[in-house]
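Heads up, the thing below is written out as structure tokens.
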Amino acid sequence: MSDNGGVGLNIFNENMAATRRFRVSGAYAYHLQLSDMKIGLGLQADYVQEKLNDDVLTNGQIDPNDPTLLASADGVSFFDAAFGFHARYKDKLYFGFSLPHLVRARLTDVEGTEDAEGAGFKSFTANVGYNYALPLLDM
């Protein structure tokens, strides 16, 4: 691994209300210096599994024949990938963008949810700014 690159791993497990979510993320970032400009690039890949807690199916207020609910109890898995770019020019001007959910693919089928969240690129974020030091006023 060079001094300009880095890797990261994140393991996340959440149990909230009626759902459980497990996520494993791997990321890679690379930085380079081009004369007066510093550039950073990053890639991230995620595996996400979402399930209903077992006690949801014993709740008397649900329809025990709901196929979407029954399939969700078994869990839904996704693959997700993201990309980001950031640059600074002479440590003053900066700009960047990111493409979260650049690739998003469902790994398991859930009956009745053909178009739910499997399409990939739907949004982006962008920023631009300039650092300017205000002169201090003498009091």
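The values are calculated or read from the model by the stated rules, or taken from the named source; none is laboratory data. What you see is a predicted model; the values in this text were computed from it and never measured. Every residue, glycine among them, receives a Cβ derived from its backbone with ideal geometry; neighbour counts consider all protein chains shown. Protein only, heavy atoms only, side chains kept; ligands, DNA and RNA dropped before computing areas. Shrake-Rupley method; radii C 1.70, N 1.55, O 1.52, S 1.80 Å.
Structural remarks
- When region 50-102 is filtered for residues that are among the small types (Gly, Ala, Ser) and touching a helix residue (DSSP H, G or I) at 6+ places or on another chain (Cβ under 8 Å), only 73 remains.
- Just one of the listed residues (8, 60) is modelled with pLDDT of 95 or more and either among the small types (Gly, Ala, Ser) or closer than 30 Å to residue 93 by Cα (or both), namely 8.
- Test: residue 44 is modelled with pLDDT of 85 or more and among the polar types (S, T, N, Q): yes
- Of all the residues in region 74-128, those that are open to solvent by 70 Å² or more (accessible area, probe 1.4 Å) and either outside any strand (DSSP E or B) or at pLDDT below 85 (or both) number 14.
- The numbered conditions (1) modelled with pLDDT of 80 or more; (2) more than 16 Å from the chain's Cα centre (by Cα); (3) open to solvent by 80 Å² or more (accessible area, probe 1.4 Å); (4) not small (Gly, Ala, Ser) are all true for residue 131 except (3).
- Test: residue in region 29-47 that is open to solvent by 90 Å² or more (accessible area, probe 1.4 Å) and of a type in the set (Lys, Arg): yes
- So residue 46, is it assigned to a strand (DSSP E or B) and either closer than 26 Å to residue 15 by Cβ or of a type in the set (Asp, Glu) (or both): yes
- Residues that are over 26 Å from residue 73 (Cα atoms) and among the hydroxyl-bearing types (Ser, Thr, Tyr) within region 1-58 comprise 2, 28, 30, 35, listed in sequence order.
- In the set (1) under 30 Å from residue 132 (Cα atoms); (2) in a strand (DSSP E or B), the condition left unmet by residue 3 is number (2).
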